[in-house]
Amino acid sequence: MGEAFFIVFLFPIHTIAVMAEQQADLNKVLKQHLEMESFFAGDFAVRGGGQLFAEVPTEAEPGQENSEMVQSLETIAKTVRSCRKCEIGSTRTNAVPGQGNPKARLMFVGEAPGADEDKQGVAFIGRAGKLLTEIIKAMGLTREEVFIGNILKCRPPGNRDPKLDEIDNCWPYLKQQLETIQPEIIVALGAHAARTLLDSKLAIGKLRGRFHEYKFSDDLPPAKLMPTYHPAYLLRNYSYDNRKRVWEDMIKVLEELGLPVPKKKG
Ligand code: URA
C-alpha cells in the first residue's frame with residue numbers, strides 16, 4: 001500500500017497509464033518477436049540442395065555480364081537520390097531506391113520507406129523489414145538473392161499513406177527497375193503496392209492469394225504478381241490465420257519458381 005501510494009504521489013495518474021500502455025506495447029512487441037522467430041523461421045527447415053539463385057555481386061565489375069544491369073540500377077538510384085518532384089523529396093533524410101540482386105527472379109515491392117529506412121537509405125530494415133527478412137528466410141532464401149523495393153522512394157511524414165500525385169511522380173523509377181531486373185515473380189506487399197502495380201481498386205483481401213500478371217512492355221513476357229499482406233499489417237494484426245495466409249501465398253511463389261518448399265519442423 002505504502003509503495004503504491006508513493007508511486008501515485010510521484011507520478012500523476014495519466015503518467016502511470018502511459019507507462020502501463022508503453023509496457024503493454026513492449027510486451028506485445030517482445031511476444032510478436034518471439035512468435036515471428038518461430039512461425040517464419042524456427043518452425044521451418046531451411047531449404048537444402050540446389051542453389052537456384054545465382055549469386056550476383058551488387059557492385060558493377062568491368063567485363064561481367066551483369067555490369068550493365070548493375071549500372072542501370074545505379075543510374076536509377078542516383079536519379080532517385082536527387083529527385084525533388086514531390087514535397088517529400090525535401091522532408092526525407094535519405095531517398096530509398098531499393099536494393100538486392102540485379103538478376104533476381106523474385107522481387108518484393110512495398111509501399112514507402114518508414115523512419116528507419118529514411119535514416120539509413122535502405123528498404124525494409126525496420127520492424128516490418130525484420131518480419132519480411134524472416135519471411136524470406138522461411139522461404140529458404142536470403143535478402144541478397146531477391147530485390148526489395150518500394151512504390152515511393154521517400155518517406156511520407158508520419159508514415160501517412162502515399163498520395164496519388166506522389167505515386168505518379170515516383171512510378172517511373174519502379175517501372176525502370178522492374179524492366180531492368182525483369183523478375184519472374186513480383187510479390188506486392190500490401191494494398192498500395194498491389195493496387196499500383198495492377199492498376200486496381202480492389203481491397204488487398206480480394207487481390208491476395210492468387211497470381212495476377214504484370215506487363216513490363218509489349219515486347220517482353222509478363223511477370224507473375226502475387227499480392228499479399230504487408231508485413232506492417234501483419235504486425236498490427238498478428239493472428240495465426242493472417243500469418244498462415246501470407247505463408248500460403250509464399251508457398252505458391254516458391255512452387256511457381258520451382259523451388260523446394262521448406263517443411264515445418266516436427
Ligand atoms: N514499409 C514499406 O512499405 N517499405 C519499407 O521499406 C519499410 C516499411
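Here, each number is a calculation from the coordinates, and none is a lab measurement. Note that the coordinates shown come from a computational prediction; the quantities given were computed from them, not determined experimentally. We place every Cβ from the backbone using ideal geometry, glycine too, and count neighbours over all the protein chains shown.
Here are a few things to note about the model shown:
- Packing-based order for 124-134, 238-248, using average beta carbon neighbours within 10 Å, highest first: 124-134, 238-248
- Normalised by the number of residues in segment 85-238, the mean separation of alpha-carbon contacts (under 8 Å, six or more apart) gives a relative contact order of 26 percent.
- For segment 89-164: relative contact order, % (alpha-carbon pairs under 8 angstrom, 6 or more apart): 46 percent
- Amide H contacts of ALA95: none lie under 5 Å away among residues 5 or more positions distant or on a separate chain (H built 1.01 Å from N in the peptide plane; Pro and chain starts excluded).
- Among the listed pairs LYS153/LYS224; LYS163/LYS201; LYS85/LYS153; LYS137/LYS252, those beyond 19 Å (Cα-Cα): LYS153/LYS224
- Scalar couplings 3J(HN,Hα) for segment 236-244, obtained by applying the Karplus form with A = 6.51, B = -1.76, C = 1.60 to θ = phi - 60°, are 7, 10, 7, 8, 4, 4, 5, 5, 5 Hz; x denotes Gly and Pro.
- Label zone (ARG160, point 7 Å along Cα-to-C-beta; backbone nitrogen cut-off 15 Å) within segment 82-96: 86-92.
- Calculated FRET efficiency, ASP25 to GLN71, Cβ-Cβ distance, R0 = 45 Å: about 0.50 to the nearest 0.05.
- Phi-based couplings in Hz for segment 155-170 (Karplus 6.51, -1.76, 1.60; Gly and Pro marked x): 6, x, x, x, 6, 5, 5, x, 8, 4, 5, 5, 4, 4, 5, 8
- Applying the Karplus relation 6.51 cos²θ - 1.76 cosθ + 1.60 with θ = phi - 60° to segment 213-226 yields 3J(HN,Hα) values of 10, 10, 8, 5, 6, 5, 9, 10, x, x, 8, 8, 10, 10 Hz, where x marks Gly and Pro.
- Point-to-point label distance, LYS78-PHE216, nm (Cα→Cβ direction, 7 Å offset): 2.3 nm
- A cut-off of 5 Å between modelled amide H atoms, ignoring neighbours fewer than 5 places along the same chain, links VAL187 with MET107, PHE108, VAL109, MET226.
- In this structure, THR91 and GLU256 have a Cβ-Cβ separation that, at R0 = 30 Å, corresponds to a calculated FRET efficiency of about 0.20.
- Computed about the Cα centre, the dipole magnitude for segment 51-257 is approximately 940 debye when only Lys and Arg (+1) and Asp and Glu (-1) carry charge, each at its Cβ.
- Take the Cα radius of gyration of segment 51-257 and divide it by 2.2 N^0.38 Å, N being the number of residues; the result is 0.96.
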